Amino acid sequence: MTTKDTLLTDSAHVNGVDIAYVDKGEGDPVVLLHGFPDSHYLWRHQIDPLVEAGFRVIAPDLRGFGGSGKPQEVEAYDMRTIVNDVVALTQHLGISKAHIVGHDWGAAIAWMYAFLMPRRVDHLAVLSVGHPGVFSTPSIEQRAASWYMLFYQFPGVSEQLLRRNGWRLFKEIMGGEGDHQRYPRELAKPGALTAALNYYRANRSPESELRVEGNFPPVLAPTLGIWSSGDKALLEEGMTGSAKFVKGSWRYERVEDASHWIPLDQPEQVTKLLLGFLGTEKAAAVPTRRRRL
Amino acid sequence: MSVEHTGVDVVVVGGGIAGASGAANLAANGLSVVLLEKQETYQDIVRGEWIAPWGLREAQILGVEDAFGVGGAWEIREWTQWDETVAPAEAETVDMTRFVPGVGGPMSFPHHTVCELMAEQAEESGATVVMGAQRATVTAGLHPEVRYTHQGEDHLIRPRMVIGATGRGCTVGRQVGVSMATSVHHWGGGLRVSGLDDWPMDVQAMGTEDDKMFMVFPQGDGVARLYINFPTANRERYRGAEGMSRFIADFELACLPDRGKAVYAAAEPLGPLKLWPSVAMFPEQPIVMDGVVLVGDEAGNADTVLGTGLSCSLRDTRAVCEVLTGGDDWSPGAFDAYLAERKFRMERLHFGADIIAKLHCEFGPEAAARRRRVRALMADNFAASVTGLLNMVPPEDVPDFGFSEFFAERLFRETV
Ligand SMILES: Cc1cc2nc3c(=O)[nH]c(=O)nc-3n(C[C@H](O)[C@H](O)[C@H](O)COP(=O)(O)OP(=O)(O)OC[C@H]3O[C@@H](n4cnc5c(N)ncnc54)[C@H](O)[C@@H]3O)c2cc1C
């Protein structure tokens with residue numbers, strides 16, 4: 001009855017789940033990965049300009065969000081599983097190497113994709129969320145700063161608690177940022193809130209944050225990090241400190257007058273930054289693994 | 001020639017709070033439902049946007065409460081009783097979150113988006129929602145008929161039951177021979193605004209100063225619905241091109257902190273300014289007959305000053321849905337409990353509305369003196385504020401003494 005907020009063009013069953021996605025344009029592929037609690041729709045201002053600039057844009061709804069499948073078990077949301085969704089989707093589309101762009105959880109997935117699958121990554125652009133090596137040791141200040149962390153501070157945060165009294169707690173946490181009016185509508189759909197919260201439940205529980213996860217393979221791709229000064233959730237150090245995990249070239253851009261939702265708050269600037277970066281450098285030379293004879 | 005639809009159990013005429021919630025509930029319970037709404041798309045036609053905790057309880061029972069939260073409802077937790085009879089810093093604050101178990105405070109919401117979501121929910125549950133249904137005409141009887149026009153085409157439905165829910169226009173009621181006696185106590189104006197960043201979003205205001213009763217109901221994120229009730233003699237005051245700015249400027253009030261600067265200096269209109277006579281409606285014939293039952297404003301309602309119209313509409317709908325989903329007897333007699341409960345409820349609401357209107361929507365030195373006296377009485381004896389409970393809990397849960405002539409007399413006694 002109403003116009004739905006969707007640009008989706010296709011859907012595919014990959015890695016055991018239905019993934020809905022946008023596939024638009026021709027040229028070098030760019031994969032856009034949204035975060036919590038968004039969908040491909042986060043990238044609505046970037047998709048067409050990228051297509052016009054000669055890219056093939058792939059923007060999936062990550063599992064648990066938007067039009068994609070929403071398994072209800074926590075284990076289904078392990079980061080590696082989600083990285084594998086992206087691998088499987090790109091394989092399904094006949095794409096072997098792509099520019100990877102991510103925001104929020106999508107950035108965390110992009111980082112992991114980049115260091116686990118270096119051959120599949122051309123350029124890497126990450127918004128808001130820095131490399132997990134930096135992120136896994138948040139300062140007290142960072143913990144306190146954010147709605148983002150609220151989920152960790154209240155590990156028992158439940159669907160019921162967030163929905164109660166007209167989604168009051170959820171609205172308080174979100175404030176007036178991002179697509180705040182749209183999120184509850186999306187999350188009210190059957191199974192959607194549980195799926196979205198499972199990202200937090202499956203990853204980075206307070207206990208696992210205490211575990212020191214060293215030894216990340218280096219990121220070889222040319223990498224662009226973008227952070228916004230209006231981000232109430234994440235500190236700039238999280239992004240700038242990521243430099244030391246990147247062996248390819250590293251660029252950092254700080255965006256002013258934008259909340260955590262940079263692609264929505266500064267749409268043109270984000271498009272410009274992406275167009276000025278993707279495909280401009282030689283992709284990483286990935287050392288071929290030595291085979292034993 | 002008209003298109004005929006068969007196999008329909010219930011036609012709901014009017015997709016406001018009463019009709020849309022009913023269609024959603026009936027469809028979810030497996031009935032074949034058609035909802036006819038005359039608007040092409042839901043617009044801000046200025047209806048109630050403050051719903052009492054007891055109304056939210058009804059929404060929970062009907063299974064439509066998420067339409068509120070998701071459609072932009074904001075729980076209001078406190079009511080600070082600013083009024084010309086008290087200094088701004090001394091106004092008392094009531095915690096509104098604890099009156100009804102399982103429900104928090106009242107909610108303030110954009111009315112049209114919530115109706116739209118309820119209609120969407122009805123559709124998702126299998127109802128047919130016809131937006132832009134024109135000239136709906138209902139004939140009552142053992143085999144009722146509904147005719148309407150949609151996109152230039154005539155349609156005919158012969159359902160088992162018709163629910164009339166066209167609101168204060170009482171279109172279905174008039175077609176089936178129900179007329180309304182009305183009384184108007186004062187006029188009101190309503191406007192939805194944004195930009196109230198300095199207004200505490202947890203706090204609502206409702207008070208009187210000079211010749212206006214003002215209300216501020218926050219909807220979160222700097223948005224609020226503003227109302228002003230004013231004497232009928234002044235009903236032209238917000239008309240004309242400058243009406244909107246006069247309306248906003250009138251929130252400069254000595255009884256608000258900082259003279260109401262957080263409102264009058266900041267408010268940006270988000271919709272139309274609507275002016276209406278605050279009318280109470282009393283049906284003069286039975287609202288149930290063979291094949292037709294009326295709900296919501298169409299069945300009669302108390303003065304809007306009470307802010308219970310939405311809750312009443314949902315209560316009506318719930319009662320009617322219980323009959324329609326509870327068994328095969330849809331004859332008028334099956335609705336006896338609904339009629340009895342509604343009669344009792346409306347008597348209490350009309351009684352309470354008279355008290356509130358007399359207290360807050362009468363103006364001038366005499367009325368202010370009365371308000372001062374009543375406030376003193378309430379401060380002395382909390383029981384004197386019993387009428388205010390009608391905003392929070394259902395009428396049957398308000399203590400009986402609040403509805404006696406003796407109480408009203410005590411309250412308004414001009415000399416102590
Ligand atoms: C300005 C104002 C402020 C109010 N404030 C409050 C408040 O704060 N709290 C509160 O609880 N109550 C309040 N009320 C009362 C409350 O809005 C009503 O009691 C409630 O909206 C009634 O709901 P309803 O569905 O019966 O009617 P309505 O809300 O009037 O809905 C009727 C619907 O039927 C449609 N319709 C009308 N005629 C036809 C037709 N012929 N064919 C098809 N469709 C038709 C209309 O387009 C509309 O969508 C207020 C009322 C007004 C006017």
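A few notes on this one:
- By the Stokes-Einstein formula, at 1.002 mPa s and 20 °C, the protein assembly as shown with its Kirkwood radius over alpha-carbon pairs has D equal to 76 µm²/s.
- The mean count of C-beta atoms from other chains within 10 Å of the C-beta of residues in B:118-126, rounded to a whole number, is 1.
- GluC sites (Glu not before Pro) within segment B:9-110, DSSP loop, no more than 11 other Cβ atoms inside 10 Å: B:E40
- Cross-link pairs exceeding 30 Å between alpha carbons, from the set A:K97/A:K247; A:K24/A:K70; A:K244/A:K272; B:K38/B:K274; A:K171/B:K38; A:K171/A:K247: A:K171/B:K38; A:K171/A:K247.
- For B:W187, distant residues with modelled amide H under 5 Å away: B:F230, B:T232, B:S278
- Between B:A140, B:A280, B:A334, the GNM of chain B built on Cα springs shorter than 10 angstrom shows B:A334 fluctuating the most.
- Computed magnitude of the charge dipole of segment B:362-412 (debye, nearest 20; Cβ of K, R +1, Cβ of D, E -1): 380 debye
- Ordering of A:195-203, B:314-322 by packing [mean C-beta count within 10 Å, highest first]: B:314-322, A:195-203
- Summing Cβ point charges (Lys, Arg +1; Asp, Glu -1) relative to the Cα centre of the protein assembly as shown gives a dipole of roughly 1720 debye.
- The Rg/Rh ratio for segment A:35-137, using Cα coordinates for both the radius of gyration and the Kirkwood hydrodynamic radius, is 0.94.
- All C-alpha pair distances within chain B, sorted into 20 Å bins from zero, spread as 27, 56, 16, 0 percent across the bins.
- 20 °C / 1.002 mPa s Stokes-Einstein diffusion coefficient of segment B:80-127, Kirkwood radius on C-alpha pairs, µm²/s: 150 µm²/s
- Among the trypsin sites (Lys or Arg not before Pro) found in segment B:50-98, those both in a DSSP coil and sparsely packed, with 14 or fewer other Cβ atoms within 10 Å of their Cβ, are B:R98.
- Surrounding net charge for B:R174, when Lys and Arg each add one and Asp and Glu each subtract one, Cβ distance under 14 Å: -1
- Other residues whose C-beta falls under 9 angstrom from the C-beta of A:G67 contribute a net charge of -2, scoring Lys and Arg +1 and Asp and Glu -1.
- Among B:N391, B:N229, B:N29: highest mean-square fluctuation, GNM of chain B, C-alpha pairs under 10 Å: B:N29
- Per-residue mean of foreign Cβ neighbours for B:219-232 is 1 (Cβ atoms of other chains, 10 Å radius).
- Cross-link reach is defined here as a Cα-Cα straight distance under 21 Å, omitting same-chain residues fewer than 8 places apart; for B:K261 the lysines meeting it are B:K212.
- Cα-Cα P(r), segment A:2-275, percent of pairs per 10 Å interval: 7, 32, 40, 20, 2
- Computed from the alpha carbon positions, the gyration tensor of segment B:1-104 leads to an equivalent ellipsoid with semi-axes of 38, 17, 9 Å, biggest first.
- Taking only the alpha carbons of segment B:65-219, we obtain Rg and Dmax values of 21.3, 63 Å in that order.
- Using equal-weight Cα scatterers in the Debye expression, the normalised intensity of segment B:105-187 in log10 at q = 0.11, 0.13 Å⁻¹ is -0.44, -0.60.
- Taking B:V12, B:V323, B:V216 as the candidate residues, the one with maximal mean-square fluctuation in a Gaussian network model of chain B, Cα springs under 10 Å, is B:V323.
- When the Cα convex hull of segment B:249-402 is projected onto planes of every orientation, the mean area is 12.6 nm².
- Annotation note: trypsin sites (Lys or Arg not before Pro) in segment A:1-107 located in DSSP loop regions with a Cβ neighbour count of at most 13 within 10 Å are A:K4.
- Among B:L62, B:V34, B:G22 the positive-end extreme of the charge dipole of segment B:1-95 (Cβ point charges): B:V34
Read-outs throughout are calculated quantities, based only on the coordinates presented, and are distinct from any laboratory measurement. Here the structure is a predicted model, which is why all the values come from computation and not from measurement. Here the Cβ is made from the backbone with ideal geometry for all residues, glycine too, and neighbour counts use every protein chain on show.
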